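Remarks on the structure that follows.
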Amino acid sequence: MKTDIKAEIINAASHLFYKNGYNSTGINEIIVTAGIAKATLYNHFKSKDDLCISYLRHMNSTFLESVEVYCVAKPKGKTQILAIFDFLQEFFLNKDFNGCWCIKTIAEIPKDNKIIRKEIQSQKQQFLQLISKLVERNLKLNTTALETTVRQIYLLYEGAVGESHLHQKEWPISEAKNICSKII
């Protein structure tokens, strides 16, 4: 039962943090949305930052699993790599799309908040590892070319997320995919 309550708190906080932003979401709003008492929240999380870490981990694990399943379901070859942009396009078309939860959060925290910054850096590294796995499976590249290609794809993806969110248009995703198809 305790795990269910904790999961409900994380789900409520995740929805609110992603929709409204970390700083704009108050603890009381999370409590009301989760339908719990303040003491229950603090039994599970020592601080709002602890809850933020759980939010980031929840979003990241869901994302990494979903994007990998999506990509490997595509035909082997360049199609599996380019599928990350197709995944992003489907995510963009979701009515709840609000950009990258990591970038939104990092933009809101003080520079000296090393705990949240380190978590976000770790998550971005995990995404780089996923891209690397896709590239290794589908292209024959030497180590240097592999690292360069993975970083380029990562930057194209991240740019597409930010710019599609900013412009509320799909073209950044399509253009990033087009550029990616030329470098792979």
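The values are calculated or read from the model by the stated rules, or taken from the named source; none is laboratory data. Not measured: the values here are computed from a predicted model. Using ideal geometry, Cβ is built from the backbone for each residue, glycine included, and neighbour counts are taken over all protein chains shown.
If I ask for residues that are buried (at least 17 other Cβ atoms within 10 Å of the Cβ), within 24 Å of CYS71 (Cβ to Cβ) and touching a Ser or Thr at 6+ places or on another chain (Cβ under 7 Å), which ones from segment 104-146 would you list? Across segment 104-146, the qualifying residues are ILE120, VAL135. The residue that is surrounded by the fewest Cβ atoms within 10 Å (Cβ to Cβ), counting only those in segment 75-103 that are closer than 19 Å to LEU166 by Cβ, among the polar types (S, T, N, Q) and in contact (Cβ under 8 Å) with a residue 24 or more places away in the chain, is ASN98.
Could you count how many residues in segment 36-70 are outside any helix (DSSP H, G or I) and of a type in the set (A, V, I, L, M)?
Of the residues in segment 36-70, 2 are outside any helix (DSSP H, G or I) and of a type in the set (A, V, I, L, M).
Where the second residue is in a helix (DSSP H, G or I) and of a type in the set (Ser, Thr, Tyr) and the first is surrounded by 16 or more Cβ atoms within 10 Å (Cβ to Cβ) and lies in segment 147-176, which pairs have Cβ atoms under 6 Å and are six or more apart or on separate chains? Within 6 Å, the pairs are VAL150/SER132; PRO172/SER164; ILE173/SER164.
Could you please find all residues in segment 42-74 being closer than 28 Å to ILE115 by Cα, aliphatic (A, V, I, L, M) and either surrounded by fewer than 19 Cβ atoms within 10 Å (Cβ to Cβ) or modelled with pLDDT under 95 (or both)? Within segment 42-74, ILE53, LEU64 qualify. Cβ-Cβ distances below 9 Å connect the following pairs, each with a first residue in segment 4-22 that is within 14 Å of ARG57 (Cα to Cα), a second residue that is hydroxyl-bearing (Ser, Thr, Tyr) and crowded, with 21+ Cβ neighbours inside 10 Å, and a separation of six or more residues or different chains: ILE10/TYR55; ALA13/THR25; ALA13/TYR55; SER14/TYR55; PHE17/THR25; PHE17/TYR55; PHE17/THR105; TYR18/TYR55.
All of ALA176, ALA145 fail the test of being in contact with a Gly (Cβ under 8 Å, 6 or more places away or on another chain), over 25 Å from ASN20 (Cα atoms) and assigned to a helix (DSSP H, G or I), apart from ALA176.
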